[in-house]
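Structure first, commentary second.
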């Protein structure tokens, strides 16, 4: 079993997303006042809606514009 903490795992996932889509602007915030980690990906060429990923404790939240 992997003993890494949730924030470290989520940070790796967020970094993998940024690496997989280098042309997209993604703002990763390590010290967000309300969540443990936050990544905003605004609407831009190649992405027709904004995306927000954030880690709250051991929960990963995803919000995708008005698509869902």
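Structural remarks
- All positions within the stretch 1-29 that are in a helix (DSSP H, G or I), in contact (Cβ under 8 Å) with a residue 12 or more places away in the chain and over 11 Å from the mean Cα position of the chain (by Cα): 6, 7
- Filtered by the rule that a residue be in a strand (DSSP E or B) and surrounded by 14 or more Cβ atoms within 10 Å (Cβ to Cβ), the stretch 30-55 gives 37, 38, 39, 40, 41, 47, 51, 52, 53, 54, 55.
Read the figures in this text as sums done on the coordinates, not as results from a lab. Computed from a prediction, not measured in an experiment: that's the story for all the values here. Every residue, glycine among them, receives a Cβ derived from its backbone with ideal geometry; neighbour counts consider all protein chains shown.
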